[in-house]
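Worksheet: one structure, shown below.
Each reported figure results from applying straightforward, stated rules to the coordinates on display, with no laboratory input. No experiment lies behind these values; they were computed from the predicted model shown. No Cβ is skipped: glycine too gets one built from the backbone with ideal geometry, and neighbour counts run over all protein chains shown.
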């Protein structure tokens, strides 16, 4: 049982480049989330989805876009990467208001 | 957005000591969750609390859902080196999954052997 899988695990970008982080979950979860984690800042919610075809903004959505075309996948896009987007990104999913299951994280460096 | 005040931010303790950390909020939560994050990995659920006053244990870990529903505590007894990591509290407002969890900023625990 893979749970929540994120790809890629590591990526280095130059300022202005674009990229997409893929999150896939095999637990048939309705809700999916993207967080970023920076030192001393905890986990900050970027965007989330309450079901296939839906997306909503979280606490820090600027500079990111998301899509949930399939229930099992949640994509996070950076159209024009900036050094401030250097972070560790976590995807998570859940079936209802309780436990959240996290992926292993994707470490992104923007030079 | 909503804020959870988690304290302490960091702790350095000797192996064998007990640890206590807590989260407080100005808002009422219906669920409290405690997560642990090992270095280089994603957070993993330790304990979930669903009822005010609830006290739940998981091995050496004990967590409580405050009676006011605005706070929660996590205690670790007889710490060991593998307890090292970042501990996060998270709260759920309401009973719908449409409302995201609110996370504290974490408590970084270091255990000195």
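Give me the percent relative contact order of chain B, please, defined on Cα pairs under 8 angstrom at least 6 residues apart.
Numbers: 288 pairs, mean separation 41.6, N = 113.
It comes to 37 percent, rounded to a whole number.
Equivalent ellipsoid of chain A: semi-axes from √(5λ) of the C-alpha gyration tensor, largest first, are 22, 14, 13 Å.
Computed over chain B with a Gaussian network model linking Cα atoms closer than 10 Å, the most mobile of B:57, B:20, B:82 is B:82. All Cα-Cα distances of the protein assembly as shown, cut into 5 Å bins from zero to the largest, leave 1, 7, 15, 18, 19, 16, 12, 7, 3, 1, 0 percent in each bin in turn.
Treating r as the C-beta distance of residue B:110 and residue A:26 and R0 as 25 Å, the FRET efficiency rounds to 0.10.
Determine the gain in length on full extension of the stretch residue A:17-residue A:86; use 0.36 nm per residue of separation and subtract their C-alpha separation, reporting nm with one decimal.
The residue A:17-residue A:86 span can extend by a further 23.6 nm.
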